[in-house]
């Protein structure tokens with residue numbers, strides 16, 4: 001049973017009303033296309049310059065959802081960076097009860113298609129593709145990074161309304177009636193009190209003037225707190241307010257920065273953007289039956305029930321590719337003498353014509369002199 005304890009203000013909006021308005025605005029989001037950057041203090045040391053550590057592009061339309069995340073391991077020693085200069089990319093999508101995951105493939109720097117074990121064995125092994133069952137009812141599977149960046153979740157998988165439903169809430173009166181501030185207490189759910197961060201004692205501001213969005217959140221952390229505050233709001237063409245930039249501080253020192261570079265909300269999303277595409281020639285594992293596919297341009301080109309059958313086919317295709325490559329090289333060498341002969345013949349012919357021309361000119365000159 002929800003236990004909700006509040007201090008009602010003589011003027012302004014109560015926490016219950018503010019949370020209700022916030023939830024209504026969030027629930028009105030049916031589709032979106034977002035581009036978000038995440039910045040972290042260098043070497044995770046507050047006070048150091050913040051650098052871009054990842055960026056996410058996300059699409060959603062109803063029950064269909066896709067994210068493409070690029071992670072930059074900027075703090076790793078250069079010799080230990082496995083992702084190269086462009087970052088590691090993970091592309092995942094959900095449609096109903098099925099998800100797709102693709103990693104090791106960079107859409108901005110693609111390989112020649114189809115991926116072939118004989119031509120690029122390293123890349124063939126690095127590109128990882130899977131099709132898996134998806135349970136949309138599980139809380140942890142409903143968590144997505146862009147929800148936190150947009151203020152739609154205050155913990156992975158937890159909306160503000162869901163947290164308030166299991167918490168006691170105390171209003172904190174403010175002179176500025178343009179926002180509502182309240183504090184959360186008595187939360188026992190372990191999912192909301194983990195990794196050193198506790199929702200107990202969290203203070204939240206809801207901004208009335210910017211679409212009832214969360215504008216500030218102060219979260220207890222060890223013996224201190226982390227304050228995340230929206231430093232810039234923006235508005236979509238459809239009139240939806242969102243946090244364009246959010247700054248987080250630990251003990252007053254900046255530790256991270258989130259930038260929503262672009263946001264289109266409640267707009268029509270292209271079908272091609274909602275489903276993770278697998279590159280042609282890639283190996284795709286389908287669970288729970290562990291079917292192995294070699295992907296074509298539209299779907300599975302070949303399907304195998306065992307990994308042994310898959311590898312047998314892959315090695316056979318690789319041998320065929322290598323044999324064809326050798327045949328092409330041999331054929332190329334066999335045509336080289338004929339090309340040399342043609343060149344030699346042409347040079348000889350030109351030389352002969354030149355000699356005949358000189359001889360003709362010599363005889364004509366000699367005849368002219370004898371006539372005199």
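The values are calculated or read from the model by the stated rules, or taken from the named source; none is laboratory data. Since the structure is predicted, the reported quantities are computational estimates derived from the model, not experimental observations. We place every Cβ from the backbone using ideal geometry, glycine too, and count neighbours over all the protein chains shown.
What the table below lists for this structure:
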{"item": "Number of positions in the stretch 104-141 that are touching a strand residue (DSSP E or B) at 6+ places or on another chain (Cβ under 9 Å) and assigned to a helix (DSSP H, G or I)", "result": "5"}
{"item": "Residue check, residue 260 at pLDDT 95 or above, touching a strand residue (DSSP E or B) at 6+ places or on another chain (Cβ under 7 Å) and farther than 18 Å from residue 29 by Cα", "result": "no"}
{"item": "Any hit, the stretch 138-156, residues being surrounded by fewer than 18 Cβ atoms within 10 Å (Cβ to Cβ), over 30 Å from residue 294 (Cβ atoms) and more than 29 Å from the chain's Cα centre (by Cα)", "result": "no"}
{"item": "Any hit, the stretch 159-168, residues being assigned to a strand (DSSP E or B) and either surrounded by fewer than 16 Cβ atoms within 10 Å (Cβ to Cβ) or touching a strand residue (DSSP E or B) at 6+ places or on another chain (Cβ under 7 Å) (or both)", "result": "yes"}
{"item": "Some residue of the stretch 260-268 being touching a helix residue (DSSP H, G or I) at 6+ places or on another chain (Cβ under 9 Å) and within 30 Å of residue 227 (Cα to Cα)", "result": "yes"}
{"item": "Members of the stretch 187-215 found to be assigned to a strand (DSSP E or B) and free of Cβ contacts under 8 Å to residues at least 24 places away in the same chain, listed by number", "result": "193, 194, 198"}
{"item": "Which numbered condition residue 252 misses (of (1) under 26 Å from residue 32 (Cβ atoms); (2) surrounded by fewer than 16 Cβ atoms within 10 Å (Cβ to Cβ))", "result": "(1)"}
{"item": "Which listed residue, of 227, 260, is without any contact (Cβ under 8 Å) to a residue 40 or more places away in the chain and either part of a strand (DSSP E or B) or under 26 Å from the mean Cα position of the chain (by Cα) (or both)", "result": "227"}
{"item": "Evaluation of residue 270 against (1) loosely packed, with under 13 Cβ neighbours inside 10 Å; (2) under 30 Å from residue 100 (Cβ atoms); (3) at pLDDT below 95 (one fails), failing number", "result": "(3)"}
{"item": "Any hit, the stretch 326-341, residues being at pLDDT 55 or above, surrounded by 11 or more Cβ atoms within 10 Å (Cβ to Cβ) and either in a helix (DSSP H, G or I) or out of contact with any helix residue (DSSP H, G or I) (no Cβ under 8 Å at 6 or more places or on another chain) (or both)", "result": "no"}
{"item": "Given (1) under 19 Å from residue 299 (Cα atoms); (2) at pLDDT 90 or above; (3) surrounded by fewer than 16 Cβ atoms within 10 Å (Cβ to Cβ); (4) within 15 Å of the chain's Cα centre (by Cα), number of the condition residue 107 does not satisfy", "result": "(2)"}
